[in-house]
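Notes follow once the structure below has been shown.
The values are calculated or read from the model by the stated rules, or taken from the named source; none is laboratory data. Since we're looking at a predicted model, the values are computed, not measured. Cβ sites come from the backbone with ideal geometry, for glycine too, and all protein chains shown count toward neighbours. Each accessible area value is taken on the protein alone, full model and side chains, heavy atoms only, with ligands, DNA and RNA left out. Shrake-Rupley method; radii C 1.70, N 1.55, O 1.52, S 1.80 Å.
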Amino acid sequence: MEPKISSEEVRQAIDNLPMLSPNVSRLLQVMANEDYELDDVVNIVKYDASLTAKVLKMVNSPVFGLLNPVTSLDRAISYLGKWIVVSIILSDNTGDLFSQPLEGYEGQQDALWRHDLFAAFSSGEVARLAKQDFEAELAFTAGLLHDIGKFVFSPFWKQLAPEALGYIKEGNVSDYLQAERTLAGLDHAQVGYEMARHWDFPEPLQQAILYHHTPMQAPEEYRALAFAAHLGDMCAMMAGCDTGNDGMQYQLDAGYAEYFDVNSKTLAQILMEAEAQFQKAVSSLSFEEEVD
Ligand SMILES: [Fe+2]
Ligand SMILES: [Fe+2]
């Protein structure tokens, strides 16, 4: 079948995305490094007024319930940990990208953001059950960013989505990703990968985004991370945080068992823990909006 979307136009849309500020890119690079030190993060944030303001605002939001305001960046950063990435990715340089409705996926406003956040917390919990040495922070970020491709892909996909549903119902393809590939010639994971390259994300994150639906195909060194994102994605679906249509026919890749101690019992714990963190996050983020 001839693809019904011009890959050239999609590429154009990616090229036209604003760049992340150099400090945000550096921060992502640093935090992707297995043994990054708190000081490395502090040293990037402290010379950037806008980043400093965001971090302090986040730590002092009522959701953290701190008795005394935190004014020192060191303390704020050690307290927030991975939250720094969330607040910065959310509010920095990406413009309106994250708040537009996902028409191609029938997702409502914020649906993808909620999905990503739930997946992030779940991926972080999955990472704790790693059978090998594994870094939880990176899993959190991979879960957070796994579906970024949808933001760019959605407007192109919009016209094809009804056809995709018919395709799946008729059993022509096994899952939504395959419907995307068949009809459009490319899928949201590939688009996300190109965006991750555009934004110069660290290599492990690029790979986790590309393979979050097909983790077994990821290069060996990135496979565990791709599985963490894959499982986090599934948890978000299970918790009802889906992004519309594409929850249909979700194909779980059972290869995760080699990397994570996930079973029915631990899965229930992951979901419970992720839900608690998610609720806390949602109230924190709506506070952020009110202040702005
Ligand atoms: Fe996805
Ligand atoms: Fe997803």
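Criterion first (surrounded by 20 or more Cβ atoms within 10 Å (Cβ to Cβ), more than 16 Å from ligand 2 (Cβ to nearest atom) and modelled with pLDDT of 85 or more) does A127 satisfy it?
Working: surrounded by 20 or more Cβ atoms within 10 Å (Cβ to Cβ): yes; more than 16 Å from ligand 2 (Cβ to nearest atom): yes; modelled with pLDDT of 85 or more: yes.
Judged against the criteria, A127 is a match.
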Checked the stretch 182-206 for anything over 15 Å from F151 (Cα atoms) and within 16 Å of ligand 2 (Cβ to nearest atom); matches are L205
Could you say whether any residue in the stretch 62-80 is at pLDDT 80 or above, among the aromatic types (F, W, Y), open to solvent by 20 Å² or more (accessible area, probe 1.4 Å) and not in a loop (DSSP other than H, G, I, E, B)? yes
Of all residues in the stretch 242-279 being charged (D, E, K, R) and in a helix (DSSP H, G or I), the one that is nearest to Q159 (Cα to Cα): D246
Got a number for residues in the stretch 231-246 being within 16 Å of H188 (Cα to Cα) and either more than 9 Å from ligand 2 (Cβ to nearest atom) or open to solvent by 40 Å² or more (accessible area, probe 1.4 Å) (or both)? 3
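Out of all the residues in the stretch 211-225, is one or more out of contact with any helix residue (DSSP H, G or I) (no Cβ under 7 Å at 6 or more places or on another chain) and within 16 Å of ligand 2 (Cβ to nearest atom)?
Residues of the stretch 211-225 out of contact with any helix residue (DSSP H, G or I) (no Cβ under 7 Å at 6 or more places or on another chain): 214, 217, 220-221, 224.
Those left that are additionally within 16 Å of ligand 2 (Cβ to nearest atom): 214.
The answer is yes, given that some residue of the stretch 211-225 is out of contact with any helix residue (DSSP H, G or I) (no Cβ under 7 Å at 6 or more places or on another chain) and within 16 Å of ligand 2 (Cβ to nearest atom).
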Select from the stretch 185-215 the residues that are of a type in the set (D, E) and farther than 22 Å from A254 by Cβ and write down the one among them that is nearest to ligand 1 (Cβ to nearest atom). E194
Among the numbered conditions (1) within 14 Å of ligand 1 (Cβ to nearest atom); (2) out of contact with any His (no Cβ under 9 Å at 6 or more places or on another chain); (3) within 25 Å of I270 (Cα to Cα); (4) open to solvent by less than 10 Å² (accessible area, probe 1.4 Å), tell me where A139 comes up short. (1)
Give me the pairs, please: first residue somewhere in the stretch 223-250 and under 18 Å from R114 (Cβ atoms), second residue anywhere and part of a loop (DSSP other than H, G, I, E, B) and at pLDDT below 80, beta-carbon distance under 6 Å, and either six or more positions apart or on two chains. M237/Y250; G244/E106; N245/E106
Please go through the stretch 248-271 and pick out each residue that is under 13 Å from G124 (Cα atoms) and either hydroxyl-bearing (S, T, Y) or open to solvent by 80 Å² or more (accessible area, probe 1.4 Å) (or both). Q269
